[in-house]
Amino acid sequence: MAEYILLLGVSLTVFLALFAAFSMAAATAENDATAIVAKNIASAVSAAICGAAGDGTASAHITLELPPDICGKPYVIYPSADGRHLIVMVSRTGQPQKYETPLELRADGVRIEGFAASDQGELRISYDTGARMVTLS
């Protein structure tokens, strides 16, 4: 009888270890996919902002289609406090993940304001030469 109980304990331990390993592998794959999609969105929006601002001499309006979510999670796009990076924050249970990409604006003194949420469906980017401001809405 003791052998069966010992065998059951060993089998349960092996099962739990395999279950934990597969769970960690699935979580890692989801985290990697989320990071790839978020960085792709950040890069596309950054390129659109840089294209709209151009050399700073002409006003422009650009519209981008946004995916409804990133791996089933909502997200928000906004500029960093210093205006040199664009941040995509993905809502995750417990703590949100932030992914950023640099904004390489050709014109100096351009400010960026506004944000976009994933439920909007599209992002409007406007550049005003008088105010030297890019607006996300």
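The values are calculated or read from the model by the stated rules, or taken from the named source; none is laboratory data. Being a predicted model, the structure only gives us computed values, none of them experimental. Positions of Cβ are generated from backbone atoms using ideal geometry, with glycine treated the same way; all protein chains shown enter the neighbour counts. Just the protein is used for accessible areas: all its heavy atoms, side chains included, with ligands, DNA and RNA removed. Shrake-Rupley method; radii C 1.70, N 1.55, O 1.52, S 1.80 Å.
A compact table of results
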quantity	calculated
Selection within the range 65-86 - farther than 16 Å from LEU103 by Cβ and among the hydrophobic types (A, V, I, L, M, F, W, C)	LEU66, ILE70, CYS71, VAL76
Residues located in the range 111-127, provided they are surrounded by fewer than 20 Cβ atoms within 10 Å (Cβ to Cβ), among the aromatic types (Phe, Trp, Tyr) and assigned to a strand (DSSP E or B)	none
Restricting the range 96-110 to residues that are open to solvent by 80 Å² or more (accessible area, probe 1.4 Å) and within 28 Å of GLY56 (Cα to Cα), the residue that is modelled with the highest pLDDT	GLU100
Of all residues in the range 47-77 being within 22 Å of GLY130 (Cα to Cα) and hydroxyl-bearing (Ser, Thr, Tyr), the one that is modelled with the lowest pLDDT	THR57
So SER43, is it surrounded by 10 or more Cβ atoms within 10 Å (Cβ to Cβ), among the small types (Gly, Ala, Ser) and out of contact with any strand residue (DSSP E or B) (no Cβ under 7 Å at 6 or more places or on another chain)	no
Candidates ALA27, ALA38, ALA48, filtered to the one that is over 21 Å from ALA107 (Cα atoms) and open to solvent by less than 20 Å² (accessible area, probe 1.4 Å)	ALA38
Qualifying positions in the range 57-72 - under 16 Å from LYS39 (Cα atoms) and in contact with a strand residue (DSSP E or B) (Cβ under 6 Å, 6 or more places away or on another chain)	LEU64, GLU65, LEU66, ILE70
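Yes or no, residue by residue, for (1) surrounded by fewer than 17 Cβ atoms within 10 Å (Cβ to Cβ); (2) outside any loop (DSSP other than H, G, I, E, B):
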position: ASN31; (1), (2): yes, yes
position: ILE77; (1), (2): no, yes
position: ILE87; (1), (2): no, yes
position: GLY94; (1), (2): yes, no
